[in-house]
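Taking it in order: structure first as structure tokens, then the write-up.
The values are calculated or read from the model by the stated rules, or taken from the named source; none is laboratory data. All of these numbers come straight from a predicted model, not from anything done at the bench. Methodologically, a virtual Cβ is constructed for each residue, glycine included, from the backbone with ideal geometry; neighbour enumeration extends over all protein chains shown.
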Ligand code: C5P
């Protein structure tokens, strides 16, 4: 599995995302399409970006009863995305059903990644709102282990957790890590951040980078810098 930089295309319209991608000319970065763009533009946006030659991580974070997730994954699989995701909180049976739904008749399927605890959830909220009393890193590792048990390919996690996830679930289990910032860049609303070079050192398999690229004066140069620090 090759290391790669995934660009979070958090735009709310097709025009905005095309204007952004047009800047890359011949280069075809791996693109993350999230709920905002998908709900605004529908499945067509996935098809057109795919037709432009990009790999796609469809970040819709499914969480429902196993049968519904299985059928929805089967629809998403037909969009020919390269990676998609769900909430590990949906349980092991939901994750197993998701894999079944995602698997195409020829046996191939997109990579399937689990969200453990969202980084917006802290210990206090988890205890008070969700009544989960264990330490949050133990919960994250337990959810990651559940995802591995269900046959998933990896988890979305903080770069700071990537090493421990590999220790718990094996080196082949993928870590997809947002929260990446350049050493001389703006942190914005992210709290625990790492540079692309640090994420590489710690063993992240994919970094998800949004604003450091999308809001840069020269997005292509910012993307190239990420690739240089993380992949090369
Ligand atoms: O702009 P920025 O680099 O902060 O974007 C990070 C991307 O990763 C966003 O699309 C955000 O929704 C996503 N993400 C995150 N933290 C998580 C899961 C996803 O920042 N725990």
The residue that is nearest to the ligand (Cβ to nearest atom), considering only those in the stretch 1-23 that are in contact with a strand residue (DSSP E or B) (Cβ under 9 Å, 6 or more places away or on another chain) and not in a loop (DSSP other than H, G, I, E, B), is 8
Residue within the stretch 214-227 that is outside any helix (DSSP H, G or I), out of contact with any strand residue (DSSP E or B) (no Cβ under 7 Å at 6 or more places or on another chain) and away from the ligand (no atom under 15 Å from the Cβ) present:
yes
What number of residues within the stretch 93-124 are touching a strand residue (DSSP E or B) at 6+ places or on another chain (Cβ under 7 Å), within 11 Å of the ligand (Cβ to nearest atom) and free of Cβ contacts under 8 Å to residues at least 60 places away in the same chain?
2
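Take the residues in the stretch 197-207 that are touching a helix residue (DSSP H, G or I) at 6+ places or on another chain (Cβ under 6 Å) and over 22 Å from residue 31 (Cβ atoms), then tell me which one is farthest from the ligand (Cβ to nearest atom). Even if it seems obvious, please write down each step before you answer.
Of the residues in the stretch 197-207, the ones touching a helix residue (DSSP H, G or I) at 6+ places or on another chain (Cβ under 6 Å) are 197, 199-200, 202-204, 207.
After this cut, where a residue has to be over 22 Å from residue 31 (Cβ atoms) as well, the list is 197, 202-203.
Numbers: 197: 16, 202: 16, 203: 18 Å.
Going through the qualifying residues, I end up with 203.
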Among the numbered criteria (1) away from the ligand (no atom under 14 Å from the Cβ); (2) more than 16 Å from residue 16 (Cα to Cα); (3) in contact with a strand residue (DSSP E or B) (Cβ under 7 Å, 6 or more places away or on another chain); (4) not in a loop (DSSP other than H, G, I, E, B), which single criterion is violated by residue 74?
(3)
If we ask which residues in the stretch 197-221 are buried (at least 20 other Cβ atoms within 10 Å of the Cβ) and over 24 Å from residue 121 (Cα atoms), their number turns out to be 1
Which residues, counting only those in the stretch 48-71, are assigned to a helix (DSSP H, G or I) and closer than 18 Å to residue 108 by Cβ?
50, 70
Would you check if there is a residue in the stretch 123-130 being under 30 Å from residue 109 (Cβ atoms) and modelled with pLDDT of 95 or more?
no
Take residue 194 and tell me if it is in contact (Cβ under 8 Å) with a residue 24 or more places away in the chain, surrounded by 18 or more Cβ atoms within 10 Å (Cβ to Cβ) and touching a helix residue (DSSP H, G or I) at 6+ places or on another chain (Cβ under 7 Å).
yes
Where a residue in the stretch 207-232 is more than 23 Å from residue 189 (Cβ to Cβ) and its partner, wherever it lies, is away from the ligand (no atom under 12 Å from the Cβ), with Cβ under 8 Å and at least six apart
220/23; 220/24; 220/25; 220/27; 231/2; 231/3; 231/4; 231/200
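Suppose we filter 232, 184, 189 for residues that are near the ligand (Cβ under 10 Å from one of its atoms), part of a loop (DSSP other than H, G, I, E, B) and surrounded by fewer than 14 Cβ atoms within 10 Å (Cβ to Cβ); which single one remains? Can you show your working first?
On the way: 232 fails: near the ligand (Cβ under 10 Å from one of its atoms); 184 fails: near the ligand (Cβ under 10 Å from one of its atoms).
That would be 189, the only listed residue that is near the ligand (Cβ under 10 Å from one of its atoms), part of a loop (DSSP other than H, G, I, E, B) and surrounded by fewer than 14 Cβ atoms within 10 Å (Cβ to Cβ).
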Please work out which one of (1) away from the ligand (no atom under 13 Å from the Cβ); (2) more than 17 Å from residue 89 (Cα to Cα); (3) at pLDDT 95 or above is the condition residue 150 fails and give its number.
(2)
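Test residue 7 against the stated conditions and say whether it is touching a helix residue (DSSP H, G or I) at 6+ places or on another chain (Cβ under 6 Å), under 30 Å from residue 145 (Cα atoms) and modelled with pLDDT of 95 or more. Steps first, please.
Numbers: touching a helix residue (DSSP H, G or I) at 6+ places or on another chain (Cβ under 6 Å): yes; under 30 Å from residue 145 (Cα atoms): yes; modelled with pLDDT of 95 or more: yes.
Yes, satisfied.
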